[in-house]
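> First, the structure itself, so that you have it in front of you.
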Amino acid sequence: MARAEERPLRADAQRNRDKILSAAARVFAEEGLDAHFERIAKEAGVGSGTLYRNFPTREALIEAAYRNEVARLCEAVPGLLETMPPDEALRAWTRGFIDYATAKLGMADALRAVVAAGSNPYAESHEMIQAALSSLMDACTAAGTIRSDISSTDMFAALAGIALTSARPEQRAQAERLLDLTLDGLRSTPPRQPAG
């Protein structure tokens, strides 16, 4: 995720930053607020100094890790649509959404601490995710693979419901079943023939 209003990082510095953000999301999801910067640095394969230069406070790291997860989820859409049919891209993306929801759930305490410190890590995330989902659903509708009477807002509500009830790692099989059920309900089907 690019940092706003700052000059671009060198390629190696950007790689280190990306590794730190990925490791931080994993570690905060596992350990919450008790996560140690040293463990995050070790998981990322960087020194503690590199971590602190990029993220001088715990709040800055938590917020950046969360925003990075949102950006990764949303930025995956063009690549999915380039490499697979739209309905398969939508299915793959919904699995990524559950991965994102699982990480967010694990980071909940850490994110609450960021909000309590006066920042809003959620700013724009809803709109970004909604736009990504809309582009996938538009591609599916254009391909004739899903119904046109279901809005992306409705689909987002369904995904949020699945995430609220089944985002824990031990609930992954249930989340997959619920995603399949939801996606099956989106399928475009030929009109029913009257009985007779």
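> Among the residues that make up the range 55-64, is at least one of them in contact (Cβ under 8 Å) with a residue 24 or more places away in the chain, among the charged types (D, E, K, R), within 24 Å of residue 137 (Cα to Cα) and crowded, with 20+ Cβ neighbours inside 10 Å?
Within the range 55-64, none of the residues are in contact (Cβ under 8 Å) with a residue 24 or more places away in the chain, among the charged types (D, E, K, R), within 24 Å of residue 137 (Cα to Cα) and crowded, with 20+ Cβ neighbours inside 10 Å.
> Separate question: Taking only the range 38-59 into account, find how many residues are part of a helix (DSSP H, G or I) and either within 18 Å of the chain's Cα centre (by Cα) or at pLDDT 90 or above (or both).
Kept after step one, since they are part of a helix (DSSP H, G or I), are these residues of the range 38-59: 38-44, 48-54, 58-59.
Right, trim to either within 18 Å of the chain's Cα centre (by Cα) or at pLDDT 90 or above (or both) and you get 38-44, 48-54.
Summing the residues that are part of a helix (DSSP H, G or I) and either within 18 Å of the chain's Cα centre (by Cα) or at pLDDT 90 or above (or both) in the range 38-59 gives 14.
> When the residues of the range 183-192 are filtered to those that are loosely packed, with under 11 Cβ neighbours inside 10 Å and assigned to a loop (DSSP other than H, G, I, E, B), which remaining residue is farthest from the chain's Cα centre (by Cα)?
Keep residues of the range 183-192 that are loosely packed, with under 11 Cβ neighbours inside 10 Å, which gives 184, 189-192.
Okay, now just the ones that are also assigned to a loop (DSSP other than H, G, I, E, B), so 189-192.
Working: 189: 30, 190: 33, 191: 35, 192: 37 Å.
Checked the range 183-192; the qualifying residue farthest from the chain's Cα centre (by Cα) is 192.
> Now, a different point. Restricting to the range 19-37, name every residue that is of a type in the set (A, V, I, L, M, F, W, C) and assigned to a helix (DSSP H, G or I).
20, 21, 23, 24, 25, 27, 28, 29, 33, 37
> I've got another one for you. How about the range 70-182: which helices (runs of 4 or more DSSP H) wholly inside it have at least 3 residues that are of a type in the set (Phe, Trp, Tyr) and crowded, with 17+ Cβ neighbours inside 10 Å?
Details: elements: 86-106, 108-116, 125-143, 152-166.
Per the criteria, 86-106.
> If you don't mind, another one. Show the residue pairs meeting these rules: Cβ distance below 8 Å; 6+ apart or different chains; first residue within the range 91-111 and more than 24 Å from residue 185 (Cα to Cα); second residue surrounded by 19 or more Cβ atoms within 10 Å (Cβ to Cβ) and aromatic (Phe, Trp, Tyr).
Partner pairs satisfying both residue conditions: 104/66; 106/28; 107/28; 107/66; 110/28; 111/66.
> Also, I was wondering about something else. Mind checking which pairs have a first residue in the range 161-174 that is farther than 16 Å from residue 107 by Cα and free of Cβ contacts under 8 Å to residues at least 24 places away in the same chain and a second that is hydrophobic (A, V, I, L, M, F, W, C) and surrounded by 15 or more Cβ atoms within 10 Å (Cβ to Cβ), Cβ under 8 Å, 6 or more apart or different chains?
Correct list of pairs: 165/178.
> Confirm whether residue 99 is charged (D, E, K, R), closer than 26 Å to residue 79 by Cα and modelled with pLDDT under 95.
On the way: charged (D, E, K, R): yes; closer than 26 Å to residue 79 by Cα: yes; modelled with pLDDT under 95: yes.
Yes: the conditions hold for residue 99.
The values are calculated or read from the model by the stated rules, or taken from the named source; none is laboratory data. Remember, predicted model here, so these are calculated numbers, not experimental data. Methodologically, a virtual Cβ is constructed for each residue, glycine included, from the backbone with ideal geometry; neighbour enumeration extends over all protein chains shown.
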